[in-house]
1. Regarding Gln91, is this residue open to solvent by 30 Å² or more (accessible area, probe 1.4 Å) and not in a loop (DSSP other than H, G, I, E, B)?
2. Thr82 fails exactly one of the following numbered conditions: (1) in contact with a helix residue (DSSP H, G or I) (Cβ under 9 Å, 6 or more places away or on another chain); (2) within 17 Å of Asp54 (Cα to Cα); (3) not in a loop (DSSP other than H, G, I, E, B). What is the number of that condition?
3. Working only within the range 139-172, note down all residues that are of a type in the set (Ser, Thr, Tyr) and surrounded by 19 or more Cβ atoms within 10 Å (Cβ to Cβ).
4. What are the pairs, 6+ residues apart or on separate chains, where a residue within the range 73-93 that is of a type in the set (Ser, Thr, Tyr) has its Cβ under 8 Å from a residue that is modelled with pLDDT of 80 or more and open to solvent by 70 Å² or more (accessible area, probe 1.4 Å)?
5. Look through Asp72, Asp44, Asp54 and report the one residue that is within 22 Å of Lys142 (Cβ to Cβ) and either among the aliphatic types (A, V, I, L, M) or at pLDDT 90 or above (or both).
6. Looking at the range 41-63, which of the residues that are without any contact (Cβ under 8 Å) to a residue 60 or more places away in the chain and closer than 19 Å to Asp27 by Cβ is surrounded by the fewest Cβ atoms within 10 Å (Cβ to Cβ)?
7. When you look at Asn110, is it free of Cβ contacts under 8 Å to residues at least 12 places away in the same chain and either closer than 19 Å to Ile50 by Cα or surrounded by fewer than 16 Cβ atoms within 10 Å (Cβ to Cβ) (or both), yes or no?
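The values are calculated or read from the model by the stated rules, or taken from the named source; none is laboratory data. Remember, predicted model here, so these are calculated numbers, not experimental data. All Cβ positions, glycine included, derive from the backbone under ideal geometry; neighbour counts span all protein chains shown. The protein model used for the area step is the full one, side chains on, heavy atoms only, and it has no ligands, DNA or RNA in it. Shrake-Rupley method; radii C 1.70, N 1.55, O 1.52, S 1.80 Å.
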Amino acid sequence: TVKTENRNAEVLAVLLELSQQFSQQLDIERVLAETYEVISRLLDTSNFYIALFDPENQTVSFPIHINESVRDYETLKIITPTEGLTGHILQTKMPILIKENPRDWEKQNNVKISGEIAASWLGVPLLARNNIVGVIAVQDYKHANVYDEHDLEIMTAIASQAATAIENARLFDNTQKRLREQTILRKAAEILSSTLDIETILTQLTK
């Protein structure tokens, strides 16, 4: 139909715009903000979050978390990578689409939903070169059948681009951190070659 064609054209235009933005973006906070802004143009993000997985500490944080539920908001601080629907996506690297009857879905899939139960839920993995980076999710606490397979495709396409941008930003941050550390070590070595006075060393390093 014309409506579907217009919708698909809008999605393609947004994805192209996002690709161009991400290609020049190495700031992880801006990547996350742009991801949220783009999804907000295509879906209702009244209840939305981006969860990032830290493989070193085995924790999950929620740098972007917009939620109407006070209970759910208090739950999503720092969690382990096995908790709830987010943890299930992190473990399986597969999306979850719950159109209705979340309690039935829980029983059928043997997954415990943490926080307040939403009537509709859609979450997709952030995958970069098959490495799990995190999860993007939207939910609706009042209405069933809010999301469908087309919404799943949109979220997956955006998540694919976002995950790569997040990984690139992380690599850039790590590289910058190593360069700073190397600079400090070189500076310390130069100072140590001329003095062993601890106060002088600390003063020189903080310049």
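1. Working: open to solvent by 30 Å² or more (accessible area, probe 1.4 Å): yes; not in a loop (DSSP other than H, G, I, E, B): yes.
Yes; evaluated as a whole, the condition is true for this residue.
2. (3)
3. Taking the range 139-172 first, the residues of a type in the set (Ser, Thr, Tyr) are 141, 147, 156, 160, 164.
Within the range 139-172, Tyr147, Thr164 meet the criteria.
4. Thr80/Gln58; Thr82/Gln91
5. The match here is Asp44.
6. Once the filter is applied, the top-ranked residue is Asp54.
7. yes
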